[in-house]
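Below: the structure, in structure tokens.
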Amino acid sequence: MCAADRFRASGKFRVNANHKVLDAWLLVLCTGCGDTAKLTIFERAHVRSVRPALLDRLHSNDLTLVPELLQDPVLQHRNRVSLDWEGAWRLDTGGSDHLEQEVIDVSVRFAARIPLRPVRLIADACGLSRAEVERLIVEGKVVSAIRLTGKVSGDFTFTLKR
Ligand SMILES: [Zn+2]
């Protein structure tokens, strides 16, 4: 292992069977040296305790299972990993008409539960700097039922008054 502590999914799984006991891992690749590492999905699980559908997906290297497992807090905790969402999201505003209006009500819908800072999203969406958005929040010109200064990963709405 090199000093890099970042990995990317390889898209492959490994399942070991020892009599009726199964271990399963998600294989990941070190971004530094390319070495393969393993994230434990389950260990020493009795074959009857594993859902057959899950086992099928593991055996067939089902790619859609990769993001499902990686977003599972249990797997993250067990393997002491977290997801790097940097650059993972994009904003679809459906045009720029809203930039002209004095008051806009915006609904933000998440296609995936990616934690992000509302300040950054609002800045991107409204053509403002983050400092401007922070000022507007302080001045009560950006209002929301959620706290806009932390991170969110689910749908929310906000109103912007210029
Ligand atoms: Zn490495």
DSSP-assigned coil residues among trypsin sites (Lys or Arg not before Pro) in region 1-94, each with at most 14 further Cβ atoms within 10 Å: ARG6, LYS20, ARG80, ARG90
Point-to-point label distance, LYS151-GLU102, nm (Cα→Cβ direction, 7 Å offset): 3.8
GluC sites (Glu not before Pro) restricted to region 52-161 and DSSP loop, no more than 12 other C-beta within 10 Å: GLU86, GLU102, GLU139
For the chain, calculated [θ]222 nm from helices alone, where every DSSP H run of n ≥ 4 adds -39500 (n - 2.57): -6500 deg cm²/dmol
Neighbour net charge for ARG78 - beta-carbon separation under 14 angstrom, K R +1, D E -1: 0
Of the chymotrypsin sites (Phe, Trp or Tyr not before Pro) in region 94-162, those whose Cβ has at most 14 other Cβ within 10 Å and which sit in DSSP loop: PHE110
Total lysine pairs under 30 Å (Cα atoms) in the chain, excluding pairs fewer than 8 apart on one chain: 7
Neighbourhood net charge (15 Å Cβ-Cβ; Lys/Arg +1, Asp/Glu -1) for GLY94: -3
Extended-chain gain in nm, criterion 0.36 nm per residue less alpha-carbon gap, HIS46 and VAL74: 8.2 nm
Long-range amide H partners of ALA37 with built H, under 5 Å: VAL28, LEU29, CYS30
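A short reminder: the numbers here are calculations on the coordinates, not readings from a lab. Fair warning: this is a prediction, and the values are worked out from it, not measured in the lab. Quick reminder, even Gly has a Cβ in these numbers, built from the backbone with ideal geometry, and neighbours come from all protein chains shown.
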